[in-house]
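Before any comments, here is the structure.
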Amino acid sequence: MSTAMNFGNKSFRPRPPDKGAFPLDHFGECKTFKETYMRCLKNNHFDNSECRIESKEYLECRMDRQLMTKEPLEKLGFKDLMDEPKEENKSKS
């Protein structure tokens, strides 16, 4: 019985990563944000709902430095943490 595998003429073609995959932070550009988030998780018994602000700041850092695709924060689940749009004073004299 032969255990050799014959793949024929098929060749591997690299493709970009699927959504959700992003480059590592090799230069530590967002290291302080990550450490703050991890410290928050540890201090809150890994309850991520207590660290949403830190998580938002970490993701913003990654998006600003093109370490992940820019997405609206509302789409990432931070709609309630977004700054409310400032309403203009409607009662002008």
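Structure summary
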{"read-out": "Number of positions in the stretch 35-58 that are closer than 12 Å to residue 78 by Cα and not charged (D, E, K, R)", "value": "4"}
{"read-out": "Members of the stretch 33-55 that are open to solvent by 70 Å² or more (accessible area, probe 1.4 Å), of a type outside the set (S, T, N, Q) and either more than 23 Å from residue 23 (Cα to Cα) or free of Cβ contacts under 8 Å to residues at least 12 places away in the same chain (or both)", "value": "35, 38, 39, 42, 45, 46, 50"}
{"read-out": "Subset of the stretch 42-71 that is outside any loop (DSSP other than H, G, I, E, B) and more than 21 Å from residue 82 (Cα to Cα) - its residue that is nearest to the chain's Cα centre (by Cα)", "value": "42"}
{"read-out": "Hey, residue 58 touching a Ser or Thr at 6+ places or on another chain (Cβ under 7 Å), at pLDDT 90 or above and closer than 20 Å to residue 23 by Cβ or not", "value": "no"}
{"read-out": "Count - residues of the stretch 11-41 that are in a loop (DSSP other than H, G, I, E, B) and modelled with pLDDT of 65 or more", "value": "14"}
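The values are calculated or read from the model by the stated rules, or taken from the named source; none is laboratory data. Every value quoted in this text rests on a predicted model; they were computed, and no experiment measured them. Virtual Cβ from ideal backbone geometry, glycine too; neighbours counted across all protein chains shown. Note: accessible area is taken over every heavy atom of the protein model, side chains too, but ligands, DNA and RNA are not part of it. Shrake-Rupley method; radii C 1.70, N 1.55, O 1.52, S 1.80 Å.
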